[in-house]
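Input: a single structure, listed below in structure tokens.
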Amino acid sequence: MKKIILAFIGIIAFSTANAQDGHFKIGAHAGLPIGDASNVFSVNFGVDAAYLWNLGDKFSAGATTGYTLYSGKKNEFFDGVNSYDIKVKDAGFIPVAGTAQYSITDNLFAGIDLGYAIFLGADGVGATDTGGGILVQPKFGYQNDKIELYAAYKRISDSGSLSSLNIGFNYKF
């Protein structure tokens, strides 16, 4: 697992150093879990990094990674006699994905991240049962030469799923 992550980071670093027609971006996101995930997690937040090559006038594609955390909620359970507060453990993931972005206008874009989210630790809820899950994250947002602001739907799924509605910010180099 560590070798895969290090190889991916190496590819991004090599691409950044050698690519002539592309851009690097870093950012952060925050959002609210939806569906079944909202019963056990209170918030989703994290950091992102990507490198995209310009493949056409309005289209770019590349690779993305980062870290995303689903923060566990405290839930109250009643066994008929006693009441218990149980805190669900946080669930952290490292996404390893391809990313694509199409500029609808100079300032509006649509994009998608597709890949795998590597599970880092929690108590076996949803997609965490098998060590990770398929990541799908469509995005829509505003951009200029230096920044991006976007809204996204994120889903990590395998035997179960974690979904959230997020907003994010990226700074482009």
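Ordered by 1.4 Å accessible area with all protein chains kept, Lys87, Lys74 run largest first as Lys74, Lys87.
Applying 0.36 nm per residue to the separation of Asp85 and Phe45 and subtracting their alpha-carbon distance, the gain on full extension is 12.0 nm. Distance between the C-alpha centres of the range 17-61 and the range 129-173: 5 Å, rounded to the whole angstrom. Hey, any idea what % of the range 17-67's accessible area is carbon plus sulfur with a 1.4 Å probe? Percent of accessible area from carbon and sulfur atoms in the range 17-67: 60. How large is log10 of I(q)/I(0) for the range 46-173 at q = 0.09, 0.12, 0.16 Å⁻¹ when the intensity is taken from the Debye formula with one equal scatterer per alpha-carbon? Result of the Debye calculation: -0.32, -0.52, -0.80. Only protein heavy atoms count here; on that basis, with a 1.4 Å probe, Asp113 has an accessible area of about 10 Å².
Placing R0 at 30 angstrom, the Cβ-Cβ distance between Ser161 and Tyr102 gives a FRET efficiency of 0.70 after rounding to 0.05.
For Lys172 and Leu32, the FRET efficiency from 1/(1 + (r/R0)^6), where r spans their Cβ atoms and R0 equals 35 Å, is about 0.85. The residues of the range 52-173 have, on average, 51 Å² of accessible surface per residue, using a 1.4 Å probe with all protein chains present.
For the listed residue pairs Lys89/Lys172; Lys74/Lys146; Lys89/Lys139; Lys87/Lys146, the alpha carbons are over 31 angstrom apart in Lys89/Lys172; Lys74/Lys146; Lys87/Lys146.
Computed with a 1.4 Å probe over protein heavy atoms only, the accessible area of Ser38 comes to about 40 Å².
The values are calculated or read from the model by the stated rules, or taken from the named source; none is laboratory data. Please read these numbers as outputs of a predicted model, since none were measured by experiment. Every residue, glycine as well, gets a Cβ built from its backbone with ideal geometry; the counts of neighbours run over all protein chains shown. Ligands, DNA and RNA are excluded from the accessible area calculation, which covers all protein heavy atoms including side chains. Shrake-Rupley method; radii C 1.70, N 1.55, O 1.52, S 1.80 Å.
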